[in-house]
Structures are given as structure tokens and as C-alpha cells.
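The next block holds one structure in the form of C-alpha cells; read it before the comments.
The values are calculated or read from the model by the stated rules, or taken from the named source; none is laboratory data. If you're wondering where the values come from, they're calculated on a predicted model, not measured in any experiment. Counting neighbours? That spans all protein chains shown, and the Cβs are built from the backbone with ideal geometry, glycine included.
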Amino acid sequence: MHLSLYTDADAKTLTELLSGTNLCVLRGERCLFKGLNFALSSGELLLVQGPNGSGKTSLLRSIAGLFGLETGYISWRGVPTKNDRQSFSADVVWMAHHVGFKADLTLLENLRFETGLRSATLEEIESILERLSLSQLVELPMRSLSAGQQKRGALARMLISDARLWLMDEPFANLDVGGHDLVIELIAEHLAENGICVMAAHQDLELEVPMHSIQLQ
Amino acid sequence: MTGFEAKVPGLWHGLKSIIRRDLLLAWKRPGDVLNPLFFFAMVSTLFPLAVGPSAEQLAVSGPGVLWVAALLATLLSLNSLYLSDFEDGSLDQIILSPQPLPLLALGKSVSHWLVSGLPLVIVSPLIAMTFSMPAASVGVLMLTLALGTISLSLLGSIGAALTVGLNRGNALLSLLILPLAMPVLIFGARTVSLAAAGDAVAAGIYFLAAYCMLALSFAPLATAAALKISNE
Amino acid sequence: MWKFLHKLASPPHFYDLAAKFIPWFAVCALALIGYGSIAGLFFAPADYQQGDAFRIIYVHVPAAYLSLLAYAAMAISAGIGLIWRMKLAHAVAAGAAPLGAWFTFLALATGSIWGRPMWGTWWEWGDPRLTSELIMLFLYFGYMALRAAIDDTQKADRASAVLALVGAVNVPIIHFSVEWWSSLHQGPTLIREGGPAMPPAMLIPLLAMILGFSLLFGAMLLSRVRSEVLYRERRSRWVRKLLLPSEESP
């Protein structure tokens, strides 16, 4: 049920950016997992795998701070996240199963809202939209975009946020092969720039990056 | 350690963004604005129909009827304050944003008032006219309704945050908010009656203003706490 | 001292300790209520204005006082549970709410019964205390309804704690508003504020009743919290040992 990843004491150096210690999460009365530990340095990816209902999403939500931990804590840059929510929020961006856009608004209006929450300006996001092949779609209401296109909108959010930690829950769902490759490409770039990614996925990932994995039952 | 300069824009920028977003949403769905307004007008009409057309009776009960109608119309519009955000996953993003959650909650309450409370205030003189309320009291009516509906938007957002995602959350929301809204109702309606009778209204106005300030200071914090709990 | 409090916060210790206190509270409560009732009903002098009808004060006032005390207990323990994340505190809040609602109802019922011979009506909106008590009852209903609507116990605890705290801030405001509202009309009230001071023969049984009711509330609250604790901890080892002592612990 749990896997301690850093057995090598030397590896636990000051470059450890994100860590979870003694994590336990309850769903109702059921304990999904306990005693879970992990630590990630910059440029690394944590892959959380397991069958449906095993707690992948709950673990990710706990790391984000959306879901409470029964025991244990998450640290970011050495500081427990519950002690300094503000700076952690600035450094993290969350990509959930629900894309989190308003169906009534256009993609552009949705992303403009995102820039208000983060730091980008509308001019800066043009290049991002180009990259994600969304430039032609910005004026359309979200409800008329396909699921794959909406997912790419969520990817746009991640690039706009300029956040260090990417939390992604099933990022490949609803994407075609092209979209799949795009996600891989973006993640690889992100990690190469010393970002960190925690991902929940069903399938194995073919990616040439330092990767750790957790298997939940 | 390159590249990531996740600067957070200023608070004012964040507040403006969420107000703009919600106003845009209301613009695209005019029903959200108009329904509570029609409800307000119709409930106000129910009373003369039910109680009788005597002008003196209407003039006396006018302030109370208008205030109750305003309260009910506001409750009606509060139900959906956080509902769509909860359902489409925007609430996750709002809670996780680097902008302080109470600030964003305040922004949502502000846009809620602009969309549901302000129209009531603007329309109230027309309804007051049908109740033969003296002209002297109409100004006080608008002022008390303005202060009152602001307080209700703030207080109500706490209830909306607590009940978002629950089955039959609507009825529960009313049950939670109505007792808390009594002071606003009491002072609002009675002050307008006093104005109609020519008595001093300062006490009532000061109370409503003070309550508004209190709500402004604390309601966003309580709403933020409630949102985090409900969204788990 | 801290060690004692820390121990108290642990459910099994609380369960045992509470069991010891309940009989004491109950016995003292019954003694005080017994004295208060008899002294109040039979030996206190009749009120010069209201005659014998005023005697219902010996139930009405303690019930009203307890309805406020219960709300305070509920709000304070909910706050402690929310801020310090103590599960036991949440159990106390959950236990206090129905008790408070019943006391409120009792205050309303006795107030109404009192009013009948006084005003000839079963309800009098002009009395600020009655109206405040009615709003209190709605506050309790709201709290209990919110708890019931949320399935997950921890989530229900925390959501209702926020509601209890918001309500607690509003209770004084509500009282003040209702006072002001009723003062506009100078209606009939049950207890005239600043009226003639009560002679000791009237006052002492009243104080006895108030204290007795408080102890009764304490006993009932401890008993309810014990049940809550048993239910919430039903999967833990100490509860299993308690309920099934024959089972061998692994």
C-alpha cells in the first residue's frame, strides 16, 4: 500500500522541492492509503498509477490542498504547504478531469480570467495559443469546442500560469494521438526547464525523464 | 533554477477579473438577472391581490411587503452563486489561485449584487408607487434596500458556499440564511415605515450601514472557509 | 493542567470520565429543580400584577436562558473543533444542538402558555423575548438541517461549525434588532425590563431552577456526547473492546 522512494539518504539533498511525508487520506470512513512518502527534485516527474477508486485523484487533490490529509503533510521548498498557502498557490497549477472553464464564455474570455488570477497579459498568451493550435478557436464559446480542444485550453492555462509544479489528473483522457504527443512534449520541456510534474494516469508513460512512480491499490 | 517567475498580479486586478467574468456570464444569461426581478415584482403584486386594494392598508404594509419580496428574490438568486463553478471545476481553480480566496469571494458577492440587488433598488420606486407609499419614504426605501441587499449578497454567499453541491440545497439555503437576515429585514422595513410616518430614520440607516460594514469585513472570510470545506 | 485537558480530548478517556460526572450532575439537578419547583409554585408570594400566572416564570426563564447557553456551548465547541481540529469538540457541538432546540421550544411553549391569561392570545409578537426565541429555534433548525444534509461526518462537522460561528456573531445582533423593533410599539411584554426588583422569596427559587436546568443540560449533554463518541469511533479498538469484551484483541 505504500512505497518509500528515497532510501538513499544522500539523494535527499537540498534540491528536494516537493515532498510528502506519512500521507494518509480518508474517503468517508475508508482509508485509501496511509504511510505514503515521496520526494521530488526539480526536473522530475511523479507518476501515480492504480485502478479506478484507488485514490489517485484524492492524492493529487491532497497535494494541491483541495482535499484534507488525515495524517502527514506536504512540503514545498522545505516549508509545509499548510503554513504558507499563498506562495505555494503561486507555484502550482492544477489540471483536473473537469477542465474548469465556463461553458458560456469564449475561450478567450476564459483565458482572460486566468490572466487576471495569474500574471500573464493577453499579448503574452498569443504565442501559447499558436503553439496549442487554439488561435482559430478563441472566439468560440467553450461549449462548442470538442473535449480534446477544451483539454488543450486547460494546457494553455498551465503554460500561462508559469507555475513550477504541474499537477495533472489523467491528462491524456479525451486526447487523440496528436494531443497525446503534445502533452508529452510540453511535459518534457517543462521538466527540462527545472519544473516538476505530478501526474495520475492509467497507462505507463514513455518519457525520457527522471521518473518516480507510486502504485496505489 | 531558471524560468519560473510566477508573479501574482495585484489584488485589484484579481478582484476586477472575477467581477468582469461574472458580469459577462450574467450578460450571456439574462434570465439570471431578470428572473429575480420579475419575482420581486410579482410577489409585490400578490399582496394587494390577496389582502385587498384599500390604499391606506397598502401604504401601511408597503414597506414590509417590498422588503420581504426583496429578501425572497435575493434568496432565489443566491442558489446558483457557486453552483456552476462547482459543477464545471472552476471552483477548484478559484480556490487554488494565488489570489486570496476571500478576495475572490468578495468579487463574486459584488457581481451578484450588481446583477440582482441593484436592479431591485432601481425598480423599487415603481412598485412603491403602486402601493401608494408617500414620496418621502421612497428615498429611504431605496437607501435601505441598497444597504440591505448588499448585506444579503454578502451573508447569502456564506449560505451558498455551505450548501453548494448538496441535494435540495435551495431549501436548505433559505433555512440557513433567513434567521440571519432578520435584523436586516427588521431595520430595513421598519425604517421605511418610520420615514413614511415622518419620524427619524437615522437610527435605522446607521444600523444598516454598520451591519453592511460588518458583513463586508467578515462574510468573505466565512465564505472562503465554507468553500474550501464544501469543495472537498 | 494541560495534561488533564489533553487527556480529556481523547475519546476513550472522555467516555470514562463523563460517565463518572453524569450521576452527580443529574442528582444535583433534580434536587435543585425539585426545590425550585416546590418553592416557586407553592411558597413564593404571588406577583402583585399577574397573580399566580407568573409562576410559569420558573420554567420559562430557565428554559430561555438554557437555549442561549446551549447555543454558546455549541458555537464555542464548534469553533474549537474547527480551529484546533479536535474531533471531540465537534461531537459536543453535535450533541448540544438538539438539546438547545428543545429548550428553545420549551421557552416558546411556556411563553405562549403564560401569554394566554395575560393577553388573551396564544402568541404576542410584541414580546421581544418570544420573537427572539422563535428566531433562535430557526437557527437551531438550520444547524441541524445542514448537519443532516451532509453525509460525510467530518465535512458535516466543519460546515456546521462555520454556520454556528456565523450564527453566534448574529445572535446578539438579532436580540438587539428585535428589542428595537418591539420598542417601537410598546407592546405588552412578559417581563418588564427594569421592573420592580424581585423579593428574595421569588428570586431564590428562580436561581435554583436556572442552576438546576444548567446541571440537567450538563448531564444530558455529557450523555449525548458519550453516544456520539461511541458512534463516531465505532471502528476503533477501544470501542470494540468495550462492546465485545469477549473478543481477544490481536
Inside the range C:1-55, can you point out the residues that are acidic (Asp, Glu) and in a helix (DSSP H, G or I)?
C:Asp16, C:Asp52
Quick one: B:Pro125 ticks every box in (1) surrounded by fewer than 23 Cβ atoms within 10 Å (Cβ to Cβ); (2) within 13 Å of another protein chain (Cβ to nearest Cβ) except a single one, so which number is it?
(2)
Looking at the range B:167-194, which of the residues that are in contact (Cβ under 8 Å) with a residue 60 or more places away in the chain and more than 22 Å from C:Ser132 (Cβ to Cβ) is surrounded by the fewest Cβ atoms within 10 Å (Cβ to Cβ)?
B:Asn170
Kindly check whether there is at least one residue in the range C:142-149 that is at pLDDT 85 or above and among the basic types (Lys, Arg).
yes
Answer yes or no as to whether A:Ala147 is over 26 Å from B:Gly107 (Cβ atoms) and modelled with pLDDT of 85 or more.
yes
Of all residues in the range C:150-181, which are touching a Lys or Arg at 6+ places or on another chain (Cβ under 9 Å), of a type in the set (Gly, Ala, Ser) and either buried (at least 20 other Cβ atoms within 10 Å of the Cβ) or more than 19 Å from C:Ala96 (Cα to Cα) (or both)?
C:Ala159, C:Ser160
Among the candidates C:Thr104, C:Thr121, C:Thr131, C:Thr110, single out the residue that is outside any helix (DSSP H, G or I) and of a type in the set (S, T, N, Q).
C:Thr121
Take the residues in the range C:212-240 that are crowded, with 20+ Cβ neighbours inside 10 Å and aromatic (Phe, Trp, Tyr); name whichever of them is nearest to C:Lys87 (Cα to Cα).
C:Phe217
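So that you can scan it fast, the table gives a plain yes or no per residue for (1) closer than 30 Å to C:Ile150 by Cα; (2) among the charged types (D, E, K, R); (3) out of contact with any helix residue (DSSP H, G or I) (no Cβ under 6 Å at 6 or more places or on another chain):
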residue: A:Gly20; (1), (2), (3): yes, no, yes
residue: A:Leu32; (1), (2), (3): yes, no, no
residue: A:Leu46; (1), (2), (3): no, no, yes
residue: A:Pro51; (1), (2), (3): yes, no, yes
residue: A:His97; (1), (2), (3): yes, no, yes
residue: A:Phe101; (1), (2), (3): yes, no, no
Within the range C:27-52, how many residues are at pLDDT 85 or above, surrounded by 15 or more Cβ atoms within 10 Å (Cβ to Cβ) and more than 10 Å from C:Ala208 (Cβ to Cβ)?
2
Within the range A:82-104, tally of residues that are surrounded by fewer than 23 Cβ atoms within 10 Å (Cβ to Cβ), free of Cβ contacts under 8 Å to residues at least 60 places away in the same chain and closer than 26 Å to C:Arg85 by Cβ
6
Mind checking which residues of the range B:190-232 are closer than 19 Å to B:Leu154 by Cα, β-branched (Val, Ile, Thr) and more than 8 Å from every other protein chain (Cβ to nearest Cβ)?
B:Ile205, B:Thr223
Checking the conditions here, which among B:Leu114, B:Leu103, B:Leu120 is surrounded by fewer than 24 Cβ atoms within 10 Å (Cβ to Cβ) and away from every other protein chain (no Cβ under 11 Å)?
B:Leu114
Can you name the residue in the range B:151-189 that is within 8 Å of another protein chain (Cβ to nearest Cβ) and polar (S, T, N, Q) and, of all such residues, is farthest from B:Gly62 (Cα to Cα)?
B:Asn167
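Okay, residues lined up against (1) of a type outside the set (Val, Ile, Thr); (2) more than 12 Å from chain B (Cβ to nearest Cβ); (3) touching a helix residue (DSSP H, G or I) at 6+ places or on another chain (Cβ under 9 Å):
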site	(1), (2), (3)
A:Arg77	yes, no, yes
A:Leu107	yes, yes, yes
A:Val138	no, yes, yes
A:Ala147	yes, yes, no
Pairs, first away from chain B (no Cβ under 11 Å) in the range A:40-65, second assigned to a helix (DSSP H, G or I) and buried (at least 21 other Cβ atoms within 10 Å of the Cβ), C-beta under 6 Å, six or more apart
A:Val48/A:Lys56; A:Val48/A:Leu59; A:Gly50/A:Lys56
Where in the range B:43-125 are the helices (runs of 4 or more DSSP H), entirely inside, with at least 1 residues that are under 19 Å from A:Leu105 (Cβ atoms)?
B:83-88, B:90-96, B:101-112
Among the candidates C:Ala159, C:Ala164, single out the residue that is more than 9 Å from chain B (Cβ to nearest Cβ), at pLDDT 95 or above and in contact with a helix residue (DSSP H, G or I) (Cβ under 9 Å, 6 or more places away or on another chain).
C:Ala164
If we ask which residues in the range A:133-155 are aliphatic (A, V, I, L, M) and surrounded by 20 or more Cβ atoms within 10 Å (Cβ to Cβ), their number turns out to be 6
